[in-house]
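The values are calculated or read from the model by the stated rules, or taken from the named source; none is laboratory data. Bear in mind that the values here come from a model prediction, so they are computed numbers and not experimental data. Counting neighbours? That spans all protein chains shown, and the Cβs are built from the backbone with ideal geometry, glycine included.
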Amino acid sequence: MRRLLTLTAAVAVTAVLASCSSGGSQEPAPSTSSSASESASPSESASESASPSATDSASPSASAAPGVTGGRDADDDVAEECTGVGITVDVGNLDDDRDDAIEDVLESAEGAWCIATDTTLTAREALDLAGITTEGTTEYGDAVICRVNGVPAADLPIPDGNGGTATESCAAMPAANAYWSMWIATTGGQWGYAEEGVDTQPLNVGDKMELLFTLNGEPVNPDTDTAG
């Protein structure tokens, strides 16, 4: 009987030890639960608070470009009545006695523009805003205007005043009988030659500028005597 009790007790102790061992392995070990992972390294909240978005943190944008009205083929009144800076492009008599196709090309370079600005612009800035292109010469650069809106093209025959023709290469100073000139008029003032080149000539609010092609002495100045 004592031997049986001893064996029974031994079995019971073994069962208890096995139970303790099994229970110990089931205890949860430290893990990266949802709360632990959230506290370990802020993710979405960190990225959201780290820096303002590009839209929010962007520096104030540059002022909007001045509005421009008119364009090629627009009536000269667009520039003459402009309260900002008015620009006119006139090919003068360069389109005289041309066939229709060439005449259309030449006249397509003409136009009138009004730049709604309340600040002083350079002639270059005004031309860029209006979409007017100019080309200088190889020798003098942009100090001289050789072409405006592609006119005169390098292969265009230009009357030389002596019954012959010539072409414009824009290598040096344009011919004395066929050239572009830049004219400026202040509000209510007379037209006069620009005192500076296209890159630096200032245009104040109310000023008018005309790019005029003179051929064999005509026209001698812009069609209007006063501006504004």
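Within the stretch 189-206, identify whether any single residue is in contact with a Gly (Cβ under 9 Å, 6 or more places away or on another chain) and within 14 Å of residue 91 (Cβ to Cβ), and answer yes or no.
No; the residues of the stretch 189-206 include none that is in contact with a Gly (Cβ under 9 Å, 6 or more places away or on another chain) and within 14 Å of residue 91 (Cβ to Cβ).
Based on this model, can you work out whether residue 109 counts as hydrophobic (A, V, I, L, M, F, W, C), closer than 17 Å to residue 149 by Cα and crowded, with 17+ Cβ neighbours inside 10 Å?
Spelling it out, residue 109 is indeed hydrophobic (A, V, I, L, M, F, W, C), closer than 17 Å to residue 149 by Cα and crowded, with 17+ Cβ neighbours inside 10 Å.
Check whether at least one residue in the stretch 193-202 is more than 28 Å from the chain's Cα centre (by Cα), at pLDDT below 95 and more than 20 Å from residue 103 (Cα to Cα), and report yes or no.
So far as the stretch 193-202 goes, no, none of its residues is more than 28 Å from the chain's Cα centre (by Cα), at pLDDT below 95 and more than 20 Å from residue 103 (Cα to Cα).
Name every residue in the stretch 193-206 that is more than 22 Å from residue 140 (Cα to Cα) and either without any contact (Cβ under 8 Å) to a residue 60 or more places away in the chain or out of contact with any Leu (no Cβ under 7 Å at 6 or more places or on another chain) (or both), in order of residue number.
Listed by number, the residues that qualify are 204, 205, 206.
Would you say residue 159 is surrounded by 17 or more Cβ atoms within 10 Å (Cβ to Cβ), farther than 19 Å from residue 211 by Cβ and not aromatic (Phe, Trp, Tyr)?
Criteria met by residue 159.
Answer yes or no as to whether residue 143 is out of contact with any Asp or Glu (no Cβ under 8 Å at 6 or more places or on another chain), hydrophobic (A, V, I, L, M, F, W, C), assigned to a loop (DSSP other than H, G, I, E, B) and surrounded by fewer than 13 Cβ atoms within 10 Å (Cβ to Cβ).
Against the criterion (out of contact with any Asp or Glu (no Cβ under 8 Å at 6 or more places or on another chain), hydrophobic (A, V, I, L, M, F, W, C), assigned to a loop (DSSP other than H, G, I, E, B) and surrounded by fewer than 13 Cβ atoms within 10 Å (Cβ to Cβ)), residue 143 does not qualify.
Which of the residues spanning the stretch 97-119 are more than 21 Å from residue 182 (Cα to Cα) and of a type in the set (D, E, K, R)?
Residues satisfying the conditions are 97, 98, 99, 100, 103, 104, 118.
Is the stretch 207-221 home to any residue that is in a loop (DSSP other than H, G, I, E, B), in contact (Cβ under 8 Å) with a residue 60 or more places away in the chain, over 17 Å from residue 136 (Cβ atoms) and not charged (D, E, K, R)?
yes
Residue 167: at pLDDT 95 or above, over 23 Å from residue 207 (Cα atoms), surrounded by 15 or more Cβ atoms within 10 Å (Cβ to Cβ) and polar (S, T, N, Q), yes or no?
Judged against the criteria, residue 167 is not a match.
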